[in-house]
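Peer 1: This is the structure I have questions about; it appears just below.
The values are calculated or read from the model by the stated rules, or taken from the named source; none is laboratory data. The shown structure was predicted, so the numbers you read here are calculated from the model rather than taken from an experiment. Counting neighbours? That spans all protein chains shown, and the Cβs are built from the backbone with ideal geometry, glycine included. Quick note on the areas: whole protein, heavy atoms, side chains included, nothing else; ligands and nucleic acids left out. Shrake-Rupley method; radii C 1.70, N 1.55, O 1.52, S 1.80 Å.
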Amino acid sequence: MLTVIGAGLPRTGTSSMKAALERLGFGPCHHMFTIFADPALVDRWLPLATGEPVDWEHVFEGFRSAQDWPASFFWREQAEAYPEAKVILTVRDPRAWYVSMQALLANGPGQDLPEDMPEAAAAVFQSMMRLGPVLDRISSSFFGRSMREGLPDEESAVAAFERHVATVKQSLPPERLLVFDVREGWEPLCRFLGVDVPAGEPFPHLNDAKAMRQTIDTLVKEGRLASPFNAS
């Protein structure tokens, strides 16, 4: 059962948040990287491509928290399904976020894949392609265009980012929502979740783009998966 719901957009420190939540005992945390590691999870999300009813208990079976798309796009539905769960909205400078999102689309799965890709890696990418309709629905709703068409212009994307932040803030009571920049570190996060700050441990600051690239490179070169958090 989810106890922490992520409402932040991709590229707002979601991989750092995954690591932090798992360190604090709120794991496993569902993230796009989780689907990389276990492509069978794609099937749980497919009904959302066509707007069919979703059993959130099934989608998040085995997880205590969630971050990143596709999960965070459906924060409102999860907040309703799990009324006791707390919600964390990760934020960053929206213009820096736009640049990072451009890098995501330029370096994400499906880019420059060799024809002789190992069978195990090819199977993972095929599974990720099956998630495409879900991501297209998310992107079309959020940006007004599919992922395959790329991002809109910067002003339009930044406006969408700011609308999202405003909507989340207006939709949830303050005691249930933490608006969080990962640069703030452990203190506000631990205070919100009611847990102790890890003594002597720096807050994890992981580079999403680097983690994704390393994961993909491992898949392509070795035909196996490695956690993106093993190298940073």
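Peer 1: Which GluC sites (Glu not before Pro) does the range 9-61 hold that lie in a coil by DSSP with at most 15 other beta carbons within 10 Å? If you can, show how the numbers build up before the last one.
Peer 2: Numbers: sites: Glu22, Glu57, Glu61; in loops: Glu61.
Sites meeting the loop and neighbour criteria: Glu61.
Peer 1: Right, something else. Mind listing which trypsin sites (Lys or Arg not before Pro) in the range 130-195 are in a DSSP loop and have 14 or fewer other Cβ atoms within 10 Å? If you can, show how the numbers build up before the last one.
Peer 2: On the way: sites: Arg130, Arg137, Arg145, Arg148, Arg163, Lys169, Arg176, Arg183, Arg191; in loops: Arg145.
Counting only loop positions with at most 14 other Cβ atoms within 10 Å, the trypsin sites (Lys or Arg not before Pro) in the range 130-195 are Arg145.
Peer 1: Show Trp45, Trp56 ordered by accessible area, largest first, where the area counts protein heavy atoms only and the probe is 1.4 Å.
Peer 2: Details: Trp45 0, Trp56 30 Å².
In descending accessible area the options line up as Trp56, Trp45.
Peer 1: For the full complex of protein chains and a 1.4 angstrom probe, list His164, His58, His30, His205 by accessible area with the highest value first. Provide the component values of the computation, followed by the final result.
Peer 2: Details: His164 25, His58 90, His30 0, His205 110 Å².
Ranked list, largest accessible area first: His205, His58, His164, His30.
Peer 1: Please arrange Glu84, Glu162 by accessible surface area, largest first, computed with a 1.4 Å probe and ligands excluded.
Peer 2: Numbers: Glu84 165, Glu162 100 Å².
Largest to smallest exposure gives the sequence Glu84, Glu162.
Peer 1: Using +1 on the beta carbon of Lys and Arg, -1 on that of Asp and Glu, and nothing else charged, what's the dipole of the range 1-67 about the Cα centre, debye to 20? Please report the intermediate quantities before stating the final value.
Peer 2: Details: 5 positive and 7 negative charges, 82 e Å.
With Lys and Arg at +1 and Asp and Glu at -1, about 400 debye.
Peer 1: Using Cα pairs under 8 angstrom and six or more residues apart, how large is the relative contact order of the range 1-96, in percent? Intermediate results must be reported in sequence, preceding the final value.
Peer 2: Values: 144 pairs, mean separation 51.8, N = 96.
Computed over the range 1-96, the figure is 54 percent.
Peer 1: Tell me the net charge near Arg23. Cut-off is 12 Å between Cβ atoms, Arg23 excluded, with +1 for each Lys or Arg and -1 for each Asp or Glu.
Peer 2: Combined, the nearby Lys, Arg, Asp and Glu give -2.
Peer 1: Let me ask another. Once fully extended, how much extra length lies between Ser146 and Glu52, figured as 0.36 nm per residue of separation less the alpha-carbon to alpha-carbon distance?
Peer 2: Numbers: separation 94, 0.36 × 94 = 33.84 nm, distance 1.93 nm.
Gain on stretching Ser146 to Glu52: 31.9 nm.
Peer 1: Taking a ≥ b ≥ c as the square roots of the eigenvalues of the Cα gyration tensor of the range 1-98, is the shape rounded (a/c under 1.5), prolate (a/b larger than b/c) or oblate?
Peer 2: Numbers: a/c = 1.40, a/b = 1.27, b/c = 1.10.
Judged from the Cα gyration tensor, the range 1-98 comes out rounded (a/c under 1.5).
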